[in-house]
Amino acid sequence: MFENLQDRLGSILNGLTGRGALSEADVSAALREVRRALLEADVALDVVRSFTDRVREKAVGAEILKSIKPGQMVVKIVHDELIEMLGGEGVGIDLHAPAPVVVMMVGLQGSGKTTTSAKIANRLSTREKKKVLMASLDTRRPAAQEQLRQLGAQASIDTLPIIAGQSPTDIAARAVQAAKLGGHDVVILDTAGRTHIDEPLMVEMADIKKRSNPHEILLVADSLTGQDAVNLARNFDERVGITGLVLTRMDGDGRGGAALSMRAVTGKPIKLIGVGEKMSELEEFHPRRIADRILGMGDIVSLVERAAENIDAEKAAAMAAKMAKGKFDLDDLADQLRQMQKMGGMGGIMGMMPGMAGMKDKMAAAGLDDKLFGRQIAIIQSMTKAERANPDLLKHSRKKRIAAGSGTDAAAINKLLKMHRQMADMMKMMGGKGKGGMMKQMMGGLAGKMGLGGLGGMGGGMPDLSNIDPKQLEALQKQAEAAGLGKPGGGMPGLGGLPGGLPGLGGAKLPGLGGGFPGLPGLPKKK
């Protein structure tokens, strides 16, 4: 969503960082460009004005530290103000109230309330082990109640039985009562929407609020609607009183202005963002991480968290054991490709790695998109078990059969085999004798540098990230920035010499994610 803004701000700020000294005219010229970039991204005018005024005030009179160039100081000030504009610290759903905690979902029709209600329920039950009851109060939209019931069944979440003819306020009262009797921790009320804000809708919302006494009232808004979403938030807050916002379709190609304006205009925190259609694709909104992504600084913490959710710990342990022996067959490669698909594909991972956001365009130009993973998995699945375990068996006639089975050609199979050979050689190096193997030393050394002792304890595989304290992750992000990994366009110094990761990407390699990223030969070297 923020790609255009990221490109614009990145080029403006990169122009500043290379200079030795900055005059007031330099800062003013850069801020003019920043203002234009934010307005083009559909950020509210008064928000842009106050943002640039605050940056100018701090940048012109800023004390320049000896170790920091003036341009880098301006980047830091822009970064800090961006975090402030987005809300400072991330705020999650507040469940500190007597059970059952009532969460009321409000918003216009088509903004994704029902799906978001199910996503929140799924998140609370899987991550926080809460017993959740969902109830649909939408008696107007055909099959709205049935939709919520089916989503509940899909995610194993309790839903309130449907009784025809009941009014929304009666359903709300019955839901709270049922949650008390059923021992539920949270009850989520999915209210009805309209195509636009009208008086009957507001009266109904106020009545439901009176009957159910919700602890949280979350406004679900479509981030693609731009400034209209900001007006919507203001109206709902004045009439019903909202406690937070949930922005859907943040994975779309909108300009991101609504997300940047919402907090500043309404004063209400953005609590969650929807980043896809799947039940698990709902993330907490962290202003610092979003600001890092916008300024091209990457988002290591979110990347590690995503890895922790998607990487199967048992498979990672088995992979670590194989790597320790220097073994890596085509089945292992297919597992790696599937894990990368789960983590958002190459584009999603690149966008979160410091200084690598610009690589996505180069990769697309070289024909390396996420469809490539699907084709490579299809090639591996077209092989026999013996061929996957021993690729040396693959002679011309076998390749011909595999190409026909996977809808590819011999050249694609040869590329895959070359990639596997590179990775297998790498695994042998990592699992080498002496001092517990190269990978183990490397992970241990990297962990030690970042103040996370004990990360290298799995004999070379991915550590169990689910047990890492989020505060440690935040500390890792800050230390990565301090080490120079967080500069816009700054690449990943310090990781260039590590074996593993992405052969062919010109040095920037990130080992350890479930046994190393698959190599991508053929990509032009980074300049």
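For Val60 and Gln227, the difference between the fully extended length at 0.36 nm per residue and the C-alpha to C-alpha distance is 57.0 nm. Over all other residues within a Cβ to Cβ distance under 13 Å of Leu95, the charged ones net out to +2, with Lys and Arg as +1 and Asp and Glu as -1. Once the 1.4 Å probe is applied to the protein heavy atoms, region 28-127 comes out at 45 Å² accessible per residue. Separation of the alpha carbons by more than 29 angstrom is noted, of Lys129/Lys315; Lys371/Lys395; Lys180/Lys315; Lys278/Lys325; Lys131/Lys322; Lys76/Lys119, for Lys180/Lys315; Lys278/Lys325; Lys131/Lys322; Lys76/Lys119. Using a probe of 1.4 Å on the protein chains alone, the accessible area found for Arg141 is around 80 Å².
The values are calculated or read from the model by the stated rules, or taken from the named source; none is laboratory data. Keep in mind it's a predicted model, so treat the numbers as computed, not measured. Neighbour counts run over all protein chains shown; Cβ positions are idealised from the backbone, glycine included. The area values use the complete protein model at the heavy-atom level, side chains included, leaving out ligands, DNA and RNA. Shrake-Rupley method; radii C 1.70, N 1.55, O 1.52, S 1.80 Å.
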